[in-house]
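All remarks here apply to the structure that follows.
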Amino acid sequence: MSAESTPEHPIPGPGDPDGPEPRRRGKGRRRRPRAGRRKALLVAAWSAAGIVVLGGTGAGVLYFKLNGNLTSVDIDQVLGADRPEKADDGSENILVLGSDTRSGGNGELGGGTDDGTARSDTAMIVHVHKGHKKASVVSVPRDTLIDRPACTGADGTEHPAAHEVMFNSAYATGGAPCAVKTVESVSGLRMDHYLEVDFSGFQKLIDDLGGVDVTTTEAIRDPDSHLDLAAGTHTLDGEQALGLVRTRHGVGDGSDLGRIQLQQAFVKALVAQVKDVGLLGNPKKLYDVADTATKTVTTDSDLGSVNSLMSFASGLKGIDASNMNMVTMPVRYDPADANRVLVAEDQARQVWDALKNDRPIPRSATEGTATGGAKDVVTAS
């Protein structure tokens, strides 16, 4: 039986009228990605911020429609007991994933063709420290070559282990359960929760919030992601925000690492702004945000109800942008293929050990690793 649940029909609300790739060997400079692969999305941003917003809205709006909107996957049932142990210190680990499925409205937003598959274009491990006042966020580059463990997909299909495949192939192979098992295998950390969003949900949520203010220190122009921003301060609408977190050769070295730096900056801008958006004084706006968030997010089954989601969100309200330390999993460029990166094992171990022991990630963990060259190009306004 599939572990994915199908949500019930929602109650009407107010105002309602790249798959797995073989490792390629080649020398030379980093090449420009093919137009058909113009896809990247910071679902992590609105997932974290959107859930925080919902946590402060009160039971009235939440109970009105959210249960009918929510979709969940029973990851614990699929993965069984062969997993890292849960932490007993009050900290939590959440895998936040962005899916670039081409189905539905996402085809128009993301470009390319609908080949019937979905890939994880963005992945962040969010470690909420004991006391839930601080968070450490580790972005995992999609182009990282890893050894994927054998896993069972959400539909019960068994998938054999694979050697030296791209990280994002785990989701393409077996969906959420396979992605979670791969992250746990790479990090040695138990993922307590899972959140996933898609292109259209990201764009609509930003529009519902009224946009996000950012400042760019240089012009960003990328026809592939439909982004054209002059240097200066901007209020990004949903389409522009999606373009910003998708661009990978508009700034930096043209790699996924530069795109991650833009995504992390956008997360901080969104989290910093969302608490001041004035939802409580605008019932229609509040409803639209809650409705969009719960329609487009997929959670693990433990968060698949209004009560659980509200309790979880309430526990995150004390975390703001100044208390979020965001890093990229330590990697180095693959000397055999300029389009791939390899885990910098010794430094990555510093990251995972710090999170396992609920400590801050040391600076030494990321010193000298590949970065992408887009740091501080985007900041919160």
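Determine the pairs where a residue that is of a type in the set (Gly, Ala, Ser), located within segment 120-131, has a partner that is open to solvent by 10 Å² or more (accessible area, probe 1.4 Å) with Cβ atoms under 6 Å apart, the partner being 6 or more residues away or on another chain.
Sorted first by the residue in segment 120-131, then by its partner, the pairs are 120/171; 123/140.
Condition check ((1) under 27 Å from residue 129 (Cβ atoms); (2) loosely packed, with under 15 Cβ neighbours inside 10 Å; (3) touching a Ser or Thr at 6+ places or on another chain (Cβ under 6 Å); (4) acidic (Asp, Glu)) across all residues:
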site	(1), (2), (3), (4)
313	yes, no, no, no
316	yes, no, no, no
319	yes, no, no, no
323	yes, yes, no, no
328	yes, no, yes, no
338	no, no, no, no
346	yes, yes, no, yes
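If you go through segment 244-266 one residue at a time, how many are touching a Leu at 6+ places or on another chain (Cβ under 9 Å) and modelled with pLDDT under 90?
Residues that pass the stated criteria total 7.
Within segment 210-250, which residues are open to solvent by 10 Å² or more (accessible area, probe 1.4 Å), polar (S, T, N, Q) and not in a strand (DSSP E or B)?
Within segment 210-250, 217, 240 qualify.
Quick one: which residue in 354, 313, 265, 269 is in contact with a helix residue (DSSP H, G or I) (Cβ under 6 Å, 6 or more places away or on another chain) and in a helix (DSSP H, G or I)?
One residue alone meets the criteria, 313.
Scan segment 276-293 and tell me whether some residue there is open to solvent by less than 20 Å² (accessible area, probe 1.4 Å), part of a helix (DSSP H, G or I), modelled with pLDDT of 90 or more and not hydrophobic (A, V, I, L, M, F, W, C).
no
Just checking, how many residues over segment 150-178 are assigned to a loop (DSSP other than H, G, I, E, B), open to solvent by 20 Å² or more (accessible area, probe 1.4 Å) and of a type in the set (S, T, N, Q)?
Residues that pass the stated criteria total 1.
The values are calculated or read from the model by the stated rules, or taken from the named source; none is laboratory data. Please read all numbers here as calculations on a predicted model, not as lab measurements. Here Cβ is always computed from backbone atoms with ideal geometry, including for glycine, and neighbour counts include all displayed protein chains. Side chains included, ligands, DNA and RNA excluded: accessible areas come from the protein's heavy atoms. Shrake-Rupley method; radii C 1.70, N 1.55, O 1.52, S 1.80 Å.
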